[in-house]
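Please treat every number below as a calculation from the coordinates, not as lab data. Keep in mind the model is a prediction, meaning the values are calculated, not measured. Positions of Cβ are backbone-derived with ideal geometry, glycine not excepted, and every protein chain shown enters the neighbour counts.
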Amino acid sequence: MILKKPAVAGTLESSDVQIMVEPCEGKIEIIIQSSVLNQYGKQIKATIEDVLKRMDVTEAKVTVIDKGALDCTLRARLECAIFRSSEISGEYPWGDVIQ
């Protein structure tokens, strides 16, 4: 999936996450800010990488501002930001439908 423009999903409320994605030529760049980075940073990064791989995103800058979100919230917010950035309209292939 090709990112066409910067996009954001999520909020900065407690137990949520705000994710910003934008095109980034030739690489994946992940920036994570989290109050639980020491405890869950590796898991957050692994989740981001998994969603990017599943959605076939190979060039992106992803900025994550985590406020204690669950893994399922992190996945949903990233998928939404990617769909917005890719300018996909209509029926979104959410979650397990994406290969």
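Some observations on this one:
- Residue match in the stretch 4-27 (condition: part of a strand (DSSP E or B), of a type outside the set (A, V, I, L, M) and in contact (Cβ under 8 Å) with a residue 60 or more places away in the chain): yes
- From 88, 65, 30, 2, residue being surrounded by 15 or more Cβ atoms within 10 Å (Cβ to Cβ) and among the aliphatic types (A, V, I, L, M): 65
- Flag for residue 15 being surrounded by fewer than 15 Cβ atoms within 10 Å (Cβ to Cβ) and touching a Gly at 6+ places or on another chain (Cβ under 6 Å): yes
- Some residue of the stretch 37-51 being surrounded by fewer than 18 Cβ atoms within 10 Å (Cβ to Cβ) and assigned to a loop (DSSP other than H, G, I, E, B): no
- Pairing residues of the stretch 74-89 that are in a loop (DSSP other than H, G, I, E, B) with residues that are surrounded by fewer than 18 Cβ atoms within 10 Å (Cβ to Cβ), at Cβ distances under 6 Å and at least 6 apart in sequence or on separate chains, gives 87/4.
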